[in-house]
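The values are calculated or read from the model by the stated rules, or taken from the named source; none is laboratory data. These numbers were taken from a predicted model, which means no experiment stands behind them. Note: ideal-geometry Cβ built from the backbone for every residue, glycine included; neighbour counts use all protein chains shown.
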Amino acid sequence: MTAIHHLQHIAELGPVLEGLGIRHVILAPGSRNAPLMQLFTSGNRFSCHSIVDERSAGYVALGMARQLGLPVAVVTTSGTAVLNLSPAVAEAYQQCIPLVVLTADRPREILTQFNNQVTDQRAPYFNHSKGFFEFPVQVRDLSSLEQDIRTVEQLVSEALREPAGPVHVNLPLAEPLYVPLPESALSGVTVNTPSEELPVPEVLPAVGPGEKKILVLAGMGPGERKVQGALELLLAHRQAAVVAENISNLNAPSFVSNPELVLAGATEEERRALAPDLILAFGLQVVSKRLKLFAESCPDADLRSLETGTDPVELFRELAGIRPCENRYLTLWKGIEGREQARVQSFLREAPFGNLTALARILEVLPGGTVVHLGNSATIRYSQLIPVNPDLSYFSNRGISGIDGSLSTAVGSAMVSDQQHLLIMGDLSFVYDSNGLWNKDFPENLKVVVMNDGGGGIFRLLDGPDRMDFFEEFSVTRHPVSLELLAGAFGRRFVRASGMEELENQLHALCDPDNRLCILEVDTTGSENSRIFKSLFTKSDS
Ligand SMILES: Cc1ncc(C[n+]2csc(CCOP(=O)(O)OP(=O)(O)O)c2C)c(N)n1
């Protein structure tokens, strides 16, 4: 029996991954993963992107996969490189995004003293991935090779099956690594692409007569039209309201998009009337803290959360029934929202330059079709106070809300899209993920606004941290980094706006796809950001 080439399994991976829809591969440099680099870069089946920092590479892959709605592969060498993917893998798991992680590994040495760049790579993302498979160092024969490849095929299919998510394949590879890969030896590997049909949620809540009040909470998601249609149907037939924040990407005039404003502005009597009999939540995360507290304060409400990966459309249609009615419950929600939105608009006209006014102005002028990425921290919270623009799409890494990958995620998303992208983020998040700028294919359709309020401004908005002695040094954490020099170090064009007039002068460049401006620092270090924010709510609470 002829021995099987020690890299034969690498050659077999190409057709399987291609067959399952992988087109984009992020390659982080290393030696042990050289055979994988050879596989993906030879021919033109895959579009390969080089990213050095694996933490950034993972988030770039996440951004790509989310924008494309397709799986994306990310390849690393052995050792800490594998662990550096963990934040993005965990976020992808929460957001149900299919990443296929391929990590090269070293066969164990006879003497442990010779183990170099070695860590235990068996299932390091254990609770954050949908599955793991490790190839043997040397494939024994063709039949076990075929079995292993089928296992990978099933694993990647699992990544795609709703709820989608990341999977991990570990490949201990023996030397020599820099030799031509053999031809694929397996023919007719069947690729089973999972069906598109989602299961309908099993439990239909017993809502009883048409007078029961239903509050639907739409979490973060891509905003499918059929879901939107089913929700609109529900609103026409029941005493129901739909709360759909910007990152739910569900936009209808009848949806409530600013629950923070509604709940902050409602009188006690209104709050009592807003209390529902049933709360039905679907999709991923909801941002509004007041909404969470409101839901918790309705002890009589039946709370249901639909499983991710199920299709709520049938459920909403069934709940709707057939008899149209006057939806007084919705009128109440929308009445308060309209009143509070008008109040905020007039507040913004008078309020001085700062994070809130700058952000509102930027979101106001963005051209339709722009993909807006919102940094975790104060940015996403400010954005909840501004009416949703149905012509924009909104994204944020709210799965685990890390500040460590917002830039890289937006970069990945823009790299695979023709649409204009705008990322708005805080200064700490920008400095943290500045390696996101380190990319030879940096997308020209991405512009980045850094709201520089001199550290973690979110902590100034919260009630509590500023009463602590450690607040400035250990919570806000001012940084000494010049954003201009940092942008310059990566060769990105940079401008700064330190007041409303300067911002106005930059808005045209920000909205112009042909303008090469990359980073706009909105310097609000001299502004009273927290006072402006708090006075907005003080007025509504009074
Ligand atoms: C990886 C990670 N580390 C720490 C945190 C906790 N955290 C949340 S917001 C924040 C400050 C972010 O500051 P900045 O990016 O400047 O945004 P701003 O608060 O000014 O809007 C920190 C440290 C986190 N969410 N993720």
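Would you check which residues across segment 454-471 are hydrophobic (A, V, I, L, M, F, W, C), touching a Ser or Thr at 6+ places or on another chain (Cβ under 8 Å) and part of a loop (DSSP other than H, G, I, E, B) and list them? Scanning segment 454-471 gives a single hit, M468.
State yes or no: is L62 within 19 Å of P15 (Cβ to Cβ) and either at pLDDT 95 or above or among the charged types (D, E, K, R) (or both)? No; evaluated as a whole, the condition is false for this residue. Taking L485 and the conditions (1) within 11 Å of the ligand (Cβ to nearest atom); (2) at pLDDT 95 or above; (3) loosely packed, with under 14 Cβ neighbours inside 10 Å, which numbered condition does it fall short on, given that it satisfies the others? Evaluating L485 over (1) within 11 Å of the ligand (Cβ to nearest atom); (2) at pLDDT 95 or above; (3) loosely packed, with under 14 Cβ neighbours inside 10 Å leaves (1) as the failure. Filtering segment 118-135 to residues that are part of a helix (DSSP H, G or I) and surrounded by 15 or more Cβ atoms within 10 Å (Cβ to Cβ) leaves only H128.
Looking at the structure I just gave you, is L507 more than 16 Å from the ligand (Cβ to nearest atom), closer than 25 Å to E364 by Cβ, touching a residue at least 24 places away in the same chain (Cβ under 8 Å) and of a type in the set (A, V, I, L, M, F, W, C)? When the stated conditions are applied, L507 passes them. Taking every residue in segment 251-278 that is farther than 14 Å from L215 by Cβ and pairing it with any residue that is of a type in the set (S, T, Y) and crowded, with 23+ Cβ neighbours inside 10 Å, at least 6 positions away or on another chain, the pairs with Cβ-Cβ distances below 8 Å are N251/S257.
Within segment 1-25, can you find the residues that are in contact (Cβ under 8 Å) with a residue 60 or more places away in the chain and not in a loop (DSSP other than H, G, I, E, B)? Those that are in contact (Cβ under 8 Å) with a residue 60 or more places away in the chain and not in a loop (DSSP other than H, G, I, E, B): Q8, H9, I10, A11, E12, L13, G14, P15, V16, L17, G19, H24.
Of all the criteria given as (1) at pLDDT below 95; (2) more than 27 Å from I51 (Cα to Cα), the one not satisfied by P480 is (2).
Being in contact (Cβ under 8 Å) with a residue 40 or more places away in the chain and assigned by TED's automatic domain parsing to the domain that holds R271 holds for only one residue in R361, R381, R328, and it is R328. V200 falls short of the stated requirement of being out of contact with any Cys (no Cβ under 6 Å at 6 or more places or on another chain), hydrophobic (A, V, I, L, M, F, W, C) and at pLDDT 95 or above. Consider segment 414-434 and keep the residues that are within 14 Å of the ligand (Cβ to nearest atom) and out of contact with any His (no Cβ under 9 Å at 6 or more places or on another chain). The one that is farthest from V52 (Cα to Cα) is G426. In segment 488-516, the qualifying residues are those that are within 21 Å of Y432 (Cα to Cα) and in contact with a strand residue (DSSP E or B) (Cβ under 6 Å, 6 or more places away or on another chain), and the one that is surrounded by the most Cβ atoms within 10 Å (Cβ to Cβ) is F494. Listed by position, the helices (runs of 4 or more DSSP H) contained in segment 312-413 that have at least 3 residues being within 16 Å of the ligand (Cβ to nearest atom) and within 24 Å of S475 (Cα to Cα) are 355-365, 378-383.
Taking every residue in segment 424-444 that is not assigned by TED's automatic domain parsing to the domain that holds G457 and pairing it with any residue that is away from the ligand (no atom under 14 Å from the Cβ) and at pLDDT below 95, at least 6 positions away or on another chain, yields no pair with a Cβ-Cβ distance below 6 Å. Hey, any hits in segment 222-235 for a residue that's buried (at least 22 other Cβ atoms within 10 Å of the Cβ), among the acidic types (D, E) and closer than 29 Å to G69 by Cα? Within segment 222-235, not a single residue is buried (at least 22 other Cβ atoms within 10 Å of the Cβ), among the acidic types (D, E) and closer than 29 Å to G69 by Cα.
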